[in-house]
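> Quick one: this structure, given as structure tokens, is what I'll be asking you about.
Coordinate-derived values only; no laboratory data. Note that the structure is a prediction, hence the values are computed from the model and not measured. Ideal geometry is used to build each Cβ from the backbone, glycine not excepted, and the neighbour counts take in all protein chains shown.
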Amino acid sequence: MKKKNYKGKCEKRKVSKCKEVCRTYNPIQYAYVDVLEKRKDVVEIRCNVPLEGQEEEYTTDFVCVLESGELMVRETVYRKLLTKPLTMKLLDMSRKYWTRRGVKNWGIVLDEVAKE
């Protein structure tokens, strides 16, 4: 999640499952686009979708349409920021926003896998 008019570094690329130019703002987003592109059950990818009607204007990293017609929402976050109060607040805001709209497939994409 990021502010709607985020001014940081942006990489633009054309992705076949995305109707518009896909803009990624960090390495996690960039890599996850490739994962989504390869998934056979994902038919459309929407990047940086605005959370409308919120007090603060933020965007969700990915909203994907699956073959079943169901929406899948993913937020990307660095593991080291996962427990920060602002990060937790934004993730919770996103989850509640999409849950109110009937989305059951909401999740977080981290920059690394958990070490055992």
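> Using a cut-off of 11 Å between beta-carbons, work out the net charge of the residues near LYS19 (Lys and Arg +1, Asp and Glu -1, LYS19 not included).
Result for the neighbourhood of LYS19: +1.
> Could I ask something else about it? Suppose only helical runs count, i.e. DSSP H with n ≥ 4. What mean residue ellipticity at 222 nm does that imply for the chain under -39500 (n - 2.57) per run, divided by all residues and rounded to the nearest 500 deg cm²/dmol?
My calculation for the chain gives -8000 deg cm²/dmol from helical runs alone.
> How many Å³ per residue does the convex hull of the Cα positions in the stretch 13-69 occupy? Each step should come with its number before you reach the end.
Values: hull volume 4.9 nm³, N = 57.
Spelled out: Cα convex hull of the stretch 13-69, divided by residues, is 87 Å³.
> Moving on. Based on the inverse mean of 1/r over its pairs of different Cα atoms, what is the Kirkwood hydrodynamic radius of the stretch 75-116, in Å?
Values: mean 1/r = 0.0894 Å⁻¹.
Result for the stretch 75-116 stands at 11.2 Å.
> So, one more: As an exercise, find the ratio Rg/Rh for the chain from alpha-carbon atoms, using the Kirkwood inverse-distance average for Rh.
On the Cα set of the chain, Rg over Rh gives 0.94.
> How about LYS104: which lysines have a C-alpha closer than 27 Å to its C-alpha, ignoring those fewer than 8 places off in the same chain?
LYS2, LYS3, LYS4, LYS17, LYS19, LYS38, LYS40, LYS80, LYS84, LYS89, LYS96
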